């Protein structure tokens, strides 16, 4: 369950959503695409292009204007050749040409089309998945943990492809658990905690812990190896298990009585970013 | 090539061991049978009116006094020379009896096998695709009901409804009674085969449908189906392009594995419909202590079932791209 999620994705920008595994990041991606499992329920609004994104509209747009780049090779049909999967069953020359170009753009030759997913190497599979998004001209690209298991260099190359797509005008939603990785490429970063966005800030703010607003974000910053590798004590509650008060209350060093009792803590603008905290951290010089 | 040869050799060896085991097990069961072949086949009254020599002759014919090990080894030796012996009841070579019976049964078995496979796949795929909704519940309910119904009971039920009450179809046998063999038409044979084939098909469907449903449901919840949906493929296209493709492999295995169920089911069903097929011959041979015929039938049907599984293995290799590509690269 995700609740109180708000997020803006702008064209030409990469917005990263950073959160621990199990914090509901993939559900976010699936709800935008309208492909949540049948046993889930969604409330709230998603606006796309200023208009409400209804399930009907999502169905029309997905695969065309909105594209998903999934995590790995298991998202390809194991028994279907790559080319056939990209073509989605259409056999006309135009589709074939578009797919060939999309693969070529990522350095994959026409012979890749004849391969089955199990014949792809990890890096190739990743490029095939990105290529699958650009067979059309997507305006919103949702990348859900697109770089697990890749070394830093390979991951940087993949992220470079996202930057390229953003520069062509697409909005990119980059979902990851890796704050450092997100910062290498994102323009905006939204931090996810127990199914809520608790802070949304420019990537620059993350250059210095003193510019961050939420206690969790600061703690997350400090947990990064380059910044001291100090772990956060305690564990994140599973999304949906906290019914009242601030979900971070259990782990927060600055928690006060009101934080535990508050019915709803809104996401509010604060010093140039957005933060969901009754007592946000003031900017400190540093 | 070497790989293929090894594969084939291993399979053949396994088949030989299996047939040996099956024939031995049937032999032991037959030995343990409490039926006295003389009393069953000749009758108490007839035996009583016979002279001592006559009875001894009969005992020798039915092999009553011969030690079991000697009988089995004798049978085995003959079979290895290609001689399956002579049926004690029919007084014809066993292979001839089996040939005639199999010719009667084969269309029945084949029809049941194909209908249950195709229908089972279709129903299972539909149930899996609509998991949790009414088509699924309907199909699953039907399958569970049928799985818990004995085939012979269903056979009697169909017989009652279609032959006795409605009178649409004949009560039994494979051809009309009292008609010259030359005058029997194909339509006659078909009419007689409908009910047994139907019984076997109905019972066969359940198993295949339930397994296919499980697999289809897994596929529909897989990442790749989610991704296909995210890429804007329609539900129809997902079902036809990804669903059926991924269900096909397990379906092939299931289909060939079900040969044994069809043959097993035919034993009882043919008995109910007095259909003179292989299954009925097996029952007659078993009850009548016709050792050569029973062993012959078990060995031949086991070989057919084994052949089915072998065919599934080979087809799997031809269908699965992983195995196919590996074979090509070798």
Handout entry: For the protein assembly as shown, alpha-carbon Rg and Dmax in angstrom
Key = 35.4, 123
Practice task
Calculate for the protein assembly as shown the 222 nm mean residue ellipticity that helices alone would give, adding -39,500 (n - 2.57) per DSSP H run of length 4 or more and normalising by residue count, nearest 500 deg cm²/dmol.
Solution key: -17000 deg cm²/dmol
Completion exercise
Cα pairs beyond 25 Å in region A:1-115, in percent, come to 37
Exercise for the section: Once you have the Kirkwood Rh of region A:225-286 from its Cα pairs, apply Stokes-Einstein at 25 °C and 0.890 mPa s and quote D in µm²/s. Expected result: 182
Practice task
Going by C-beta contacts inside 10 Å, put B:302, B:49, B:147, B:260 in order with the fewest on the left.
Solution key: B:49, B:147, B:260, B:302
Practice task
Return one number: the angle in degrees, 0 to 90 and rounded to the nearest 10, between the long axis of the Cα atoms of helix B:52-62 and the longest principal axis of the Cα atoms of chain B.
Solution key: 20
Practice task
Apply the Kirkwood formula to chain A: the hydrodynamic radius equals the inverse of the mean of 1/r over all pairs of different alpha-carbon atoms; give it in Å with one decimal.
Solution key: 20.1
Problem - Ranked B:81, B:192, criterion: other C-beta atoms within 10 Å, fewest first - result: B:81, B:192
Practice task
Treat chain B as a sphere of radius equal to its Kirkwood radius over Cα pairs and apply Stokes-Einstein at 4 °C in a medium of 1.567 mPa s; give the translational diffusion coefficient in µm²/s, rounded to a whole number.
Solution key: 56
Problem - Cα-Cα P(r), region A:208-258, percent of pairs per 10 Å interval - result: 23, 49, 25, 3
Exercise for the section: Out of all DSSP beta bridges with both ends in chain A, state the antiparallel percent to the nearest 5. Expected result: 40
Handout entry: Mean separation of Cα contacts under 8 Å, 6 or more apart, over the residue count of region A:191-249: relative contact order %
Key = 32
Handout entry: Between region A:1-70 and region B:250-293, the Cα center-to-center distance that results, in Å
Key = 58
Exercise for the section: Please order B:227, B:306, B:84 by the number of other Cβ within 10 Å, starting at the fewest. Expected result: B:306, B:84, B:227
Problem - DSSP beta bridge pairing in region A:121-268, given as percent antiparallel to the nearest 5 - result: 55
Handout entry: Percentage relative contact order, region B:108-197, counting C-alpha pairs under 8 Å, at least six apart
Key = 28
Practice task
Quick one: work out Rg over Rh on the C-alpha atoms of region A:180-286, Rh as Kirkwood radius.
Solution key: 0.94
Handout entry: Inter-chain Cβ neighbour average for residues A:110-118, partner chain, 10 Å
Key = 1
Problem - Alpha-carbon Rg/Rh ratio, for region B:1-104, with Rh computed the Kirkwood way - result: 1.11
Handout entry: Inter-chain Cβ neighbour average for residues A:71-77, partner chain, 10 Å
Key = 5
Handout entry: Shape of region A:73-135, Cα gyration tensor, a/c cut at 1.5
Key = oblate
Completion exercise
Taking Cα atoms, the helix A:152-167 axis meets the longest principal axis of chain A at an angle in degrees (rounded to 10) of 80
Exercise for the section: Please figure out what share of the DSSP beta bridges in the protein assembly as shown is antiparallel and state it in percent, rounded to the nearest 5. Expected result: 40
Handout entry: Rounded to 10°, Cα long-axis angle of helix B:2-32 versus longest principal axis of chain B
Key = 40
Fill in the blank from the handout: So, relative contact order of chain A in percent, Cα under 8 Å, 6 or more apart, is 25
Practice task
Could you work out the mean count of beta carbons from other protein chains within 10 Å of each residue's beta carbon in A:89-97?
Solution key: 1
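Coordinate-derived values only; no laboratory data. All figures in this text were calculated on a predicted structure; none of them were measured in a lab. Every residue, glycine among them, receives a Cβ derived from its backbone with ideal geometry; neighbour counts consider all protein chains shown.
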